[in-house]
Amino acid sequence: SHPQVLQNKKFVVTAGGTEESIDPVRYISNRSSGKMGTDLANAASLLGADVILVTTRPAMMVMSEVKVETVKTTAQMQAAVAVHFDETDVVIMAAAPADFRVANPATQKIKKVAGQDDLNLQLIKNPDILAGLGKQKKHQFLTGFAAETENLHANALKKLTAKNADLIIANQVGRSTGGFNADENSGTMFFKDGTTIEIPLMSKQEMALRIIQEINERL
Ligand code: PMT
């Protein structure tokens, strides 16, 4: 068993891609399976933390001590995190919240119309949950991920400052190894104090434990 170094610490971890309705039967989402976030929630719980997992993918294996809150949209995820934020010590945004939602979701199933070969969806910007928390934060340790297909490190550093986070973990997506919906991942941790730590390719479970241990050392 693991040393209970995080006893009395409260964590909120988010997981999965959010789903934005187009109509009652269709939605826009992304390839995030919720594995990375769920593994992080489990790892924090293993080390003794009180953990709330706000997830769009509740079917994943979650330790029984973790409290699960299921959401669909980015707005719902933001609201769920906000309820707990004041009493939280550590927030980890491993979810992939949709950056845009459909401006006017249809209330009935959209039908094909004879002779009409295109359909336009207007999208509007969603709130940035992590950036909002960065503006509000007092004692909380804020962790985000940067999922990038190019210029990984530069973009991660930009997100660290722009979102006022304490840690950003850069992970490459869109390759055959790691990232979305894989069992393994790799990345670079960028801390606010300038420290960087490389995480080589390993299982998401092992990576989650590494991340939680590094956060614990900075609380
Ligand atoms: O779920 P898996 O299949 O296991 O895949 C894991 C993962 C690749 C999704 C995960 O490791 C990861 O990178 N999560 C972040 C995905 C993402 O939205 O990255 P981003 O670079 O677009 O966003 C930067 C940070 O801001 C992230 O912490 C994100 O959660 C947060 N964000 C983004 C948009 C938004 N509207 N609100 C946010 O808070």
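The values are calculated or read from the model by the stated rules, or taken from the named source; none is laboratory data. Remember, predicted model here, so these are calculated numbers, not experimental data. Methodologically, a virtual Cβ is constructed for each residue, glycine included, from the backbone with ideal geometry; neighbour enumeration extends over all protein chains shown.
Going through the stretch 80-105 one residue at a time, which ones are within 14 Å of the chain's Cα centre (by Cα), of a type in the set (A, V, I, L, M, F, W, C) and part of a loop (DSSP other than H, G, I, E, B)?
Scanning the stretch 80-105 gives A94, A95, A98.
Sort out which residues of the stretch 40-62 are without any contact (Cβ under 8 Å) to a residue 40 or more places away in the chain, over 17 Å from N8 (Cβ atoms) and of a type outside the set (A, V, I, L, M), and write them in order of number.
Passing the criteria: only P58.
Does any residue of the stretch 144-159 turn out to be more than 10 Å from the ligand (Cβ to nearest atom) and within 16 Å of the chain's Cα centre (by Cα)?
Checking the stretch 144-159: not a single residue is more than 10 Å from the ligand (Cβ to nearest atom) and within 16 Å of the chain's Cα centre (by Cα).
What do you reckon, is Q108 of a type in the set (S, T, N, Q), within 24 Å of S33 (Cβ to Cβ), outside any strand (DSSP E or B) and modelled with pLDDT of 95 or more?
no
Any residue at all in the stretch 3-16 that's near the ligand (Cβ under 9 Å from one of its atoms), of a type outside the set (S, T, N, Q) and part of a loop (DSSP other than H, G, I, E, B)?
yes
Does G132 satisfy the condition of being modelled with pLDDT of 95 or more and in a helix (DSSP H, G or I)?
Yes, satisfied.
So, in the stretch 114-136, exactly how many residues are more than 13 Å from the ligand (Cβ to nearest atom) and either in contact (Cβ under 8 Å) with a residue 24 or more places away in the chain or in contact with a helix residue (DSSP H, G or I) (Cβ under 9 Å, 6 or more places away or on another chain) (or both)?
The number of residues fulfilling the criteria is 1.
What pairs come up if the first residue lies in the stretch 174-194 and is closer than 18 Å to I212 by Cβ and more than 12 Å from the ligand (Cβ to nearest atom), the second is part of a loop (DSSP other than H, G, I, E, B) and of a type outside the set (K, R), and their beta carbons are under 6 Å apart, counting only those six or more places apart or on different chains?
K192/D166
Might you let me know whether the stretch 33-53 holds any residue that is modelled with pLDDT under 95, more than 16 Å from the ligand (Cβ to nearest atom), of a type in the set (G, A, S) and more than 14 Å from the chain's Cα centre (by Cα)?
The answer is no; no qualifying residue exists.
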